[in-house]
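Trainee: Mind looking over this structure? Questions follow.
The values are calculated or read from the model by the stated rules, or taken from the named source; none is laboratory data. Everything numeric in this text was worked out from a predicted model, so none of it was measured. Please note: Cβ atoms are built from the backbone with ideal geometry, for glycine as well, and neighbour counts cover all protein chains shown.
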Amino acid sequence: MHKLAQQLNEAIERDTPHVYNMLSDLGRKMYFPKEGILSQSAEAKAKATKFNATIGIALENGQPMHLSVIADHLSAFSPKDIFDYAPPAGKPELRSAWRKKLLEENPSLRDKSFGTPIVTNALTHGLSIVADLFVNPGDAVIIPDKNWENYELNFGTRRGAEMVYYPLYNEQQKFNAAGLREAILAQRPKGKAIVLLNFPNNPTGYTPGVEEGKQIVEAIRAGAEAGIDIVAVTDDAYFFLFFEDSMKESLFGSLCNLHPRVLAVKVDGATKEEFVWGFRVGFITYASESEATLQALEQKTMGLIRATISSGAHPSQTFVLHALKSPDFPAQKMEKFHIMKGRANRVKQLLDSGRYRDAWDYYPFNSGYFMCLKLKKVNAETLREHLLNKYGIGTIALGETDLRVAFSCIEEEHLQELFDTIYQGAREVEQESRE
């Protein structure tokens with residue numbers, strides 16, 4: 001093991017031994033090289049006042065070399081903020097701006113100890129960092145039965161985790177905190193669990209209420225008090241899109257510094273929050289009362305970034321930072337929020353009208369991009385194919401009965417036509433099955 005990795009491990013184990021136990025074999029081996037090209041280049045950048053012949057970019061007239069066919073369309077930005085490499089952890093100004101944003105939007109964080117967000121190549125990359133740092137083959141990753149399928153690919157297929165499922169909803173059609181608690185406590189023989197919390201949920205668009213949120217926190221606390229080391233990950237991909245009564249903050253604030261056996265990790269990004277899907281700008285943030293542990297986890301994360309993508313795209317980071325600093329940003333973001341809320345409300349109005357009652361029920365939703373139908377009489381995949389082939393309508397089939405509909409990408413005035421057609425398709429599939 002590299003001596004730098006040993007030093008980081010010693011720092012974590014000294015201050016937070018339970019966090020050290022959470023690290024995977026790869027996580028313990030990971031470090032950020034301080035004697036390689038990047039560290040020497042950083043030193044030269046500070047001291048090489050005559051010639052800096054270290055980093056692998058080309059300069060011209062004191063600026064990064066660039067092509068006019070590209071730069072002419074980016075003339076509002078300095079070449080150094082577009083064409084140069086971004087640091088492995090991301091633009092420092094962007095990291096600071098995102099941390100400030102977290103504090104503004106999550107008041108529960110204001111008295112908590114957490115690190116500066118590290119820039120990732122959007123949320124999937126952030127989740128892969130969690131998987132690499134904390135998951136060994138056979139470790140339990142706990143998720144609800146209604147989940148984003150990339151969890152299985154990332155944690156199960158790629159890292160060999162045992163995926164542990166619990167029903168998302170209880171009999172009252174609320175978040176199933178008792179099921180989560182049971183799934184966590186079942187890991188006592190292993191002594192370790194990774195708990196993934198995704199709100200608003202993909203695929204259902206559900207966010208728990210405040211009391212449900214407290215029950216989730218207590219379920220995780222109960223696991224920790226039972227001797228289980230828990231990596232509690234909040235996947236906040238659709239944060240801020242809360243349309244009805246629900247939590248309005250990330251659970252990250254409540255999980256920060258909850259218990260020595262709980263490591264809270266927040267994965268989020270500009271992707272959906274700022275409507276810049278193709279920019280691929282995300283963040284990973286750790287919470288700990290130990291500054292040494294926060295620094296060590298940052299170094300290990302930077303090592304993973306260096307070893308995989310080297311660093312994130314600089315232009316995207318510059319654009320997001322520019323947006324966050326703009327005085328027009330809050331108003332423009334709220335304008336889009338109200339459009340999304342209008343679509344969600346219209347969907348619920350249609351579904352509550354009773355016009356589709358014989359074909360489906362729907363799972364509770366109050367936030368995010370999606371909602372899920374629970375089909376009563378036809379197979380979800382059969383209906384999906386029928387809608388696509390006959391009507392040119394795309395939906396997502398999940399299991400035997402569930403059909404996910406992304407109202408986020410349908411204009412409000414077209415929603416009735418969409419659901420009327422889905423209903424017509426369901427009736428046709430049902431009729432065909434009888435013949």
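Trainee: Could you tell me whether F419 is surrounded by 13 or more Cβ atoms within 10 Å (Cβ to Cβ), of a type outside the set (A, V, I, L, M) and at pLDDT 95 or above?
Mentor: Working: surrounded by 13 or more Cβ atoms within 10 Å (Cβ to Cβ): yes; of a type outside the set (A, V, I, L, M): yes; at pLDDT 95 or above: yes.
Here the answer is yes, as F419 does meet what is asked.
Trainee: Given L297, L304, which one is within 19 Å of the chain's Cα centre (by Cα), buried (at least 19 other Cβ atoms within 10 Å of the Cβ) and more than 22 Å from K101 (Cα to Cα)? Don't jump to the end; show me each part of the working.
Mentor: Values: L297 fails: more than 22 Å from K101 (Cα to Cα).
Only one candidate qualifies: L304.
Trainee: When only residues in region 126-170 that are of a type in the set (F, W, Y) and over 25 Å from S311 (Cα atoms) count, which is nearest to the chain's Cα centre (by Cα)?
Mentor: Within region 126-170, the subset of a type in the set (F, W, Y) is 134, 148, 151, 155, 165-166, 169.
Of the ones still in play, those that are also over 25 Å from S311 (Cα atoms) are 148, 165-166, 169.
Working: W148: 11, Y165: 19, Y166: 20, Y169: 21 Å.
Within region 126-170, the match that is nearest to the chain's Cα centre (by Cα) is W148.
Trainee: State whether one or more residues within region 236-245 are buried (at least 24 other Cβ atoms within 10 Å of the Cβ), farther than 21 Å from W277 by Cα and not acidic (D, E). Reasoning before the result, please.
Mentor: So in region 236-245, the residues buried (at least 24 other Cβ atoms within 10 Å of the Cβ) come out as 236-239.
Adding the requirement that they be farther than 21 Å from W277 by Cα leaves none.
The answer is no; no qualifying residue exists.
Trainee: If you don't mind, another one. What is the number of the single condition among (1) under 21 Å from the mean Cα position of the chain (by Cα); (2) surrounded by fewer than 24 Cβ atoms within 10 Å (Cβ to Cβ); (3) at pLDDT 95 or above; (4) not polar (S, T, N, Q) that L185 does not meet?
Mentor: (1)
Trainee: I'd like the residue in region 49-84 that is exposed (fewer than 14 other Cβ atoms within 10 Å of the Cβ) and of a type in the set (D, E, K, R) and, out of all such residues, is modelled with the highest pLDDT.
Mentor: The extreme case among them is K80.
Trainee: Check K336 against each of (1) in a helix (DSSP H, G or I); (2) closer than 30 Å to R261 by Cβ and name the one condition it does not meet.
Mentor: (2)
For (1) at pLDDT 95 or above; (2) among the charged types (D, E, K, R), each residue gets a yes or a no:
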site: S254; (1), (2): yes, no
site: G269; (1), (2): yes, no
site: V276; (1), (2): no, no
site: L294; (1), (2): yes, no
site: A323; (1), (2): no, no
site: Q332; (1), (2): no, no
site: E335; (1), (2): no, yes
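Trainee: I need a count of the residues in region 103-114 that are in contact (Cβ under 8 Å) with a residue 40 or more places away in the chain, surrounded by fewer than 21 Cβ atoms within 10 Å (Cβ to Cβ) and touching a helix residue (DSSP H, G or I) at 6+ places or on another chain (Cβ under 7 Å). Show your work before the answer.
Mentor: To start, the set of residues in region 103-114 that are in contact (Cβ under 8 Å) with a residue 40 or more places away in the chain comprises 105-109, 112-114.
Filter once more, so that each one left must be surrounded by fewer than 21 Cβ atoms within 10 Å (Cβ to Cβ): 105, 107-108, 112-113.
Cutting the leftovers down to touching a helix residue (DSSP H, G or I) at 6+ places or on another chain (Cβ under 7 Å) gives us 108, 112.
Count: 2.
Trainee: Counting only residues that are surrounded by 20 or more Cβ atoms within 10 Å (Cβ to Cβ) and β-branched (V, I, T), how many does region 374-394 have?
Mentor: Going through region 374-394 one residue at a time, the tally reaches 1.
Trainee: Right, here's the next one. Does Y356 qualify as being out of contact with any Asp or Glu (no Cβ under 9 Å at 6 or more places or on another chain) and either farther than 26 Å from P88 by Cα or without any contact (Cβ under 8 Å) to a residue 12 or more places away in the chain (or both)?
Mentor: Numbers: out of contact with any Asp or Glu (no Cβ under 9 Å at 6 or more places or on another chain): no; either farther than 26 Å from P88 by Cα or without any contact (Cβ under 8 Å) to a residue 12 or more places away in the chain (or both): yes.
Against the criterion (out of contact with any Asp or Glu (no Cβ under 9 Å at 6 or more places or on another chain) and either farther than 26 Å from P88 by Cα or without any contact (Cβ under 8 Å) to a residue 12 or more places away in the chain (or both)), Y356 does not qualify.
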